[in-house]
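The values are calculated or read from the model by the stated rules, or taken from the named source; none is laboratory data. All of these numbers come straight from a predicted model, not from anything done at the bench. Note that each Cβ is placed from the backbone with ideal geometry, even for glycine, and that neighbours are counted across all protein chains shown. Accessible surface areas use protein heavy atoms only, side chains included; no ligands, DNA or RNA. Shrake-Rupley method; radii C 1.70, N 1.55, O 1.52, S 1.80 Å.
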Amino acid sequence: MDLKRSSGILLHITSLPSPFGIGDMGPEAYEFVDFLEASAIKYWQVLPLNPTDEAYSHSPYSSYSAFAGNTLLISPELLEKEGFIDIQDFNLREVTQQDTINFKQVSLFKDEILETAYQNFKKNKTGLKKFRAFSKTHKNWLDDYSLFKVLHDKFKTPWFTWPIQYRDRTAEGLKQAGREFRYAIEKVKFTQFLFFSQWAPLRSYAQQNQVQFIGDIPIYVNHDSADCWINPQFFKLNKLKRPSKISGVPPDYFSDTGQLWGTPVYNWKELKTNRYDWWIDRIKQNLLLFDVVRLDHFRGFSAYWEVPAGDKTAQNGKWVKAPGHDFFKMLQKEFPHMPFIAEDLGSLDQGVYDLIANFNFPGMNVLLFAFGEDKSKNPYLPFNHIPHSIVYTGTHDNNTVLGWFTGSNSRIKRHLKEYTGKNITNKNVNIQLHRIALASVSKLAIIPMQDILGLGSEAVMNIPGSTKGNWTWRLTYEQLSNQKAAELKVLNELFGRG
């Protein structure tokens with residue numbers, strides 16, 4: 001992947017302002033592209049766009065499908081423009097009063113909107129030809145995902161607890177379900193058609209304005225997902241389709257017991273036997289949405305921490321080697337330009353460094369990790385950056401720059417003052433780290449929108465390990481001003497990123 005000196009903003013679609021309680025693919029998304037273009041910013045980084053659910057606190061990193069789109073992002077305004085609904089038919093009072101996302105209210109509202117759109121589609125046949133073409137093009141994942149979603153809604157339990165004919169996907173069970181739930185299955189397909197029909201022109205508009213999308217692929221998928229249901233052989237599951245081994249990370253400086261993520265780990269031997277077809281299809285699907293994808297927890301492609309299922313901590317796990325070199329050689333045949341970013345944060349070993357170097361993947365430098373310790377050797381300090389990399393002030397899993405600075409100890413604050421030669425305060429710390437990122441030799445500098453605006457801990461997107469209040473932060477219309485765009489353009493041009 002060839003990087004040119006440029007900058008980007010990290011902002012998930014859900015955080016956009018909108019009249020409907022959650023950011024979506026409607027007019028405000030196009031206006032944000034205009035904001036980026038006016039700011040001389042070339043990249044818009046978002047989080048995964050797969051379906052989210054209340055069971056997982058609507059985390060973009062926990063989904064029922066690695067292929068489907070998140071229908072909460074469908075724009076009612078675009079549906080109205082396309083003739084599927086009349087917005088005046090719906091009560092908007094509850095969702096329009098939200099400063100942050102209330103996922104329960106938004107989900108109920110969007111369900112009502114999409115049900116009406118589907119009924120009008122059935123009645124008027126608007127877009128029928130395009131819908132049929134979409135269903136044919138995406139048949140390899142859409143048919144199974146739609147059936148999974150319908151059965152999941154029917155039983156309201158994870159797939160591995162369903163009656164055996166559905167759990168084990170017997171030929172008779174699938175045939176029976178296809179007949180019995182024909183219309184419900186078609187509705188799921190229709191809502192996916194709407195999602196992809198709205199995303200494609202948004203991406204095209206961004207490209208016309210010299211803005212590229214960076215997306216994110218979580219390394220693991222949920223056990224309770226269409227992916228595990230359809231392809232149990234690609235995961236370490238037992239005869240009852242329960243995990244025999246689960247994911248996590250080992251004990252470290254931050255945790256004496258490690259982190260237990262709980263998702264099933266891959267059966268890489270089986271994936272390799274099948275020429276990694278599932279992974280290749282997954283990446284192809286993501287490259288329909290994004291120009292570049294970040295591979296989350298990249299070290300798992302070299303070796304991963306495997307924990308016996310049933311353990312309460314990650315302490316008894318072990319490192320298991322993954323066929324990373326063979327896997328990426330196969331990917332390189334399919335995707336010669338290799339438009340991938342390695343999320344290489346955390347504890348790495350030589351195997352990971354070799355994998356990154358052999359395929360020339362750009363890695364990540366996070367400035368929030370740069371100050372306070374190892375004043376010369378810390379790899380996140382800008383003078384240790386390399387050009388073929390991406391520098392961030394922080395990520396979606398970090399505090400904001402202001403929140404970080406406010407909670408930092410005197411050693412970190414002193415180091416930051418010595419490094420910048422300036423008196424750093426709550427009022428200028430975000431500006432200083434923004435400038436440090438832009439001044440770095442890293443070809444690409446990406447700044448979370450919260451740091452551009454100088455917001456505090458109240459605007460954190462996600463606190464790892466917590467399950468409440470995450471993913472709910474939203475922009476206001478006033479924060480996307482022409483003045484702010486002009487300021488950003490000056491900075492980008494000053495540091496050669498315009």
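Key figures for this structure:
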| quantity | calculated |
| --- | --- |
| Student exercise, the chain dipole from Lys, Arg, Asp, Glu Cβ charges, in Debye to nearest 20 | 940 |
| Compactness of the range 346-385 - radius of gyration and Dmax, Cα, Å | 11.4, 32 |
| The range 264-339 - Debye-derived log10 I(q)/I(0), Cα point model, q = 0.23, 0.28 Å⁻¹ | -1.14, -1.43 |
| Intensity falloff of the chain expressed as log10 I(q)/I(0), Debye formula with alpha-carbon point scatterers, at q = 0.08, 0.10 Å⁻¹ | -0.51, -0.81 |
| Positive-end residue of Gln165, Tyr64, Leu16, charge dipole of the chain with Cβ unit charges | Gln165 |
| Sum of side-chain charges, Leu331 neighbourhood, beta-carbon under 13 Å (Lys, Arg +1; Asp, Glu -1) | +2 |
| Per-residue HN-Hα couplings for the range 327-332 [Karplus 6.51, -1.76, 1.60; θ = phi - 60°; Hz; x = Gly/Pro] | 4, 6, 4, 5, 4, 4 |
| Overall Cα dimensions of the range 103-217, principal axis frame, Å, largest first | 51, 37, 33 |
| Residue-averaged [θ]222 nm for the chain, counting only DSSP H segments that reach four residues, each worth -39500 (n - 2.57) | -12000 deg cm²/dmol |
| Placed amide H near Ile446: partners under 5 Å, 5+ positions off or other chain | Gly8, Val391, Tyr392, Thr393 |
| Where only C-alpha atoms are counted, convex hull volume of the range 23-87 per residue in Å³ | 117 |
| Cross-link pairs beyond the 26 Å C-alpha cut-off, checked among Lys42/Lys81; Lys236/Lys272; Lys125/Lys149; Lys154/Lys241; Lys130/Lys272; Lys81/Lys129 | Lys42/Lys81; Lys130/Lys272 |
| Inter-label distance, nm, simple model (7 Å from Cα along the C-beta direction), Asn120/Asn423 | 6.0 |
| Ordering of 218-226, 199-207 by packing [mean C-beta count within 10 Å, highest first] | 218-226, 199-207 |
| Radius of gyration and maximum dimension Dmax of the range 283-323, Cα, Å | 14.6, 40 |
| Approximate shape of the range 198-346 as ellipsoid semi-axes (Cα gyration tensor, √5λ), whole Å, largest first | 29, 18, 15 |
| Surface share of carbon and sulfur [accessible, 1.4 angstrom probe, percent] for the range 422-498 | 54 |
| Greater than 21 Å apart at Cα, pairs in Lys284/Lys443; Lys189/Lys333; Lys139/Lys189; Lys4/Lys413 | Lys284/Lys443; Lys189/Lys333; Lys4/Lys413 |
| The range 265-401: radius of gyration and largest Cα-Cα distance (Dmax), Å | 16.6, 47 |
| Equivalent ellipsoid, the range 378-498 (semi-axes from 5 times Cα gyration tensor eigenvalues, Å) | 22, 19, 15 |
| The range 391-457 shape via C-alpha gyration tensor axes, a/c threshold 1.5 | oblate |
| Largest-first principal axis extents, alpha carbons of the range 434-498, Å | 40, 29, 14 |
| Global geometry of the range 373-430, whether rounded, prolate or oblate, following the gyration tensor of its Cα atoms and the 1.5 cut on a/c | oblate |
| Convex hull per residue volume in Å³, alpha carbons only, for the range 1-122 | 139 |
| For Leu444, net neighbour charge (Lys/Arg +1, Asp/Glu -1) across residues whose Cβ lies under 13 Å away | +4 |
| Protection-proxy order for peptides 27-33, 484-490, each taking the mean of Cβ atoms within 10 Å per residue, highest first | 27-33, 484-490 |
| Lysines with Cα under 17 Å of Lys156, excluding same-chain neighbours fewer than 8 positions away | Lys104 |
| Net charge over other residues, Cβ less than 12 angstrom from the Cβ of Glu37 (K, R count +1; D, E count -1) | 0 |
